[in-house]
Amino acid sequence: MIREEDLNHCREAIRTGSYSFHAASRLLPAAVRDPALVLYAFCRLADDEVDEGDHKRRAVLSLQDRLDAIYAGRPKDAPEDRAFASVVEEFDMPKALPDALLEGLAWDAQERRYDDLSGVRDYSARVASAVGVMMCVLMRVRDADALARACDLGVAMQLTNIARDIGEDACAGRIYLPLDWFDEAGLDVEAFLADPQATPDVRRMARRLLAEAKRLYLRSEAGVPALPRNSRMGIYAARFIYAGIGHEVRRAGHDSITQRAHTSKAQKIGWMGQAMLRTGVSLITPRSPILHARPLDEVAFLVDAASREGRPMGRTAALLDVLAQLQRQDDDIGQHSNPV
């Protein structure tokens, strides 16, 4: 059972830190909304510590310890950790799911770059689809087809975020666009990071990302009717609100260098109304055959982890390797900063 004071802390963290999710969450039933707020608060805290902190490697290693403590039933004495531990116990959350998020954040700490769109989807699976699958677990949904469509939605949302934040990421020395797109355009990545410009080639990259996101948003819709009726409206709302961010990038001519797309409160209300309408339609229309489409190769491990209820999976060799790399790098930095 989540303590009321811990839940209130998580509510406040999301209200001030994630406007889009906070708006969509208001349409979820309380039995899903409250643990979902806890989930997002914990994930947001982890992301912020890695993204904004001065010691990214240490933040990831700390998150590893916190997750291990949570799953051992000894959470850190902090509101997000105590609340997430309650959620893990109540919903039997597979550890492979927050571990996938941990791996994505470890890649961020390494400032990893991605050779092609598949690599970007690999990253998106970890930092976004893993959260979508955890949301399904909170709804008591373990059907593989529904999980695959939730993963589609997660990847689409992350691709939208990347397209919106090209300029902001470049100013911070980060690049999430596929490197082979730069090769195709004859552009040097380091020159772009040194002086990001909204050139026609860079705008085309944003357009290509959003085209892939749109394809996955459309595919994801087939999975919403497989969710409990009282949860569909909130998921439709999240889908429309995030797709609306992409629409604003398009309206700006795919220029996310000189400006950052924003959506208004009025727009969010409109998309929530659209979600209400689509929920009603979902009650009377047959399920789409797209529901049974194969999951993206990059998300299949998440679908497998969540659909194998009661069969725990250990940390993958890839995750253990990246964590070991971060530990060695952190140890090396510590030795150089504290010479004997």
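Name every residue in segment 190-210 that is free of Cβ contacts under 8 Å to residues at least 24 places away in the same chain and either in contact with a helix residue (DSSP H, G or I) (Cβ under 8 Å, 6 or more places away or on another chain) or surrounded by 14 or more Cβ atoms within 10 Å (Cβ to Cβ) (or both), in order of residue number.
PHE192, LEU193, THR199, ASP201
Put simply, of ASP77, ASP122, ASP99 the only residue that is over 11 Å from the mean Cα position of the chain (by Cα) and surrounded by fewer than 19 Cβ atoms within 10 Å (Cβ to Cβ) is ASP77. With the condition kept exactly as written, say whether any residue in segment 38-48 is among the charged types (D, E, K, R) and within 19 Å of ASP331 (Cα to Cα). There is no residue in segment 38-48 that is among the charged types (D, E, K, R) and within 19 Å of ASP331 (Cα to Cα).
If you scan segment 216-232, which residues turn out to be outside any helix (DSSP H, G or I) and aliphatic (A, V, I, L, M)? If you could, list the steps in order and put the result at the bottom.
Within segment 216-232, the subset outside any helix (DSSP H, G or I) is 222-223, 227-228.
Across segment 216-232, the qualifying residues are ALA222, LEU227.
Scanning segment 103-160 for residues that are of a type outside the set (Val, Ile, Thr), out of contact with any Ser or Thr (no Cβ under 8 Å at 6 or more places or on another chain) and in a loop (DSSP other than H, G, I, E, B) yields GLN110, GLU111, ARG112, ARG113, TYR114, ASP115, ASP116, ARG140. Of the residues making up segment 169-188, those that are on the phi > 0 side of the Ramachandran plot and in contact (Cβ under 8 Å) with a residue 60 or more places away in the chain number 1.
Out of ILE257, ILE235, which single residue is of a type in the set (Val, Ile, Thr) and assigned to a helix (DSSP H, G or I)?
Matching residue, one of ILE257, ILE235: ILE235.
Per-residue answers, yes or no, for (1) buried (at least 19 other Cβ atoms within 10 Å of the Cβ); (2) in contact with a strand residue (DSSP E or B) (Cβ under 9 Å, 6 or more places away or on another chain); (3) at pLDDT 80 or above; (4) closer than 28 Å to LEU227 by Cα:
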{"site": "MET1", "(1), (2), (3), (4)": "no, no, yes, yes"}
{"site": "ASP6", "(1), (2), (3), (4)": "yes, no, yes, yes"}
{"site": "ASP51", "(1), (2), (3), (4)": "no, no, no, no"}
{"site": "ALA72", "(1), (2), (3), (4)": "no, no, yes, no"}
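Kindly provide the set of residues from segment 161-174 that are more than 10 Å from the chain's Cα centre (by Cα) and in a helix (DSSP H, G or I), ordered by number. Quick ask: steps written out before the conclusion?
Just the residues of segment 161-174 that are more than 10 Å from the chain's Cα centre (by Cα), to begin with: 162-174.
Answer for segment 161-174, where residues must be more than 10 Å from the chain's Cα centre (by Cα) and in a helix (DSSP H, G or I): ILE162, ALA163, ARG164, ILE166, GLY167, GLU168, ASP169, ALA170, CYS171.
Out of the residues in segment 236-280 meeting the condition of being among the hydroxyl-bearing types (Ser, Thr, Tyr), farther than 16 Å from GLY167 by Cα and touching a residue at least 40 places away in the same chain (Cβ under 8 Å), tell me which one is surrounded by the fewest Cβ atoms within 10 Å (Cβ to Cβ). Across segment 236-280, the extreme among qualifying residues is THR263. Out of segment 277-295, which residues are in a loop (DSSP other than H, G, I, E, B), over 17 Å from SER231 (Cβ atoms) and of a type in the set (A, V, I, L, M)? Within segment 277-295, ILE284, ALA293 qualify.
The values are calculated or read from the model by the stated rules, or taken from the named source; none is laboratory data. Quick caveat: nothing in here was measured; it's all calculated off a predicted structure. As a convention, Cβ positions derive from the backbone with ideal geometry for all residues, glycine included, and neighbour counts pool all protein chains shown.
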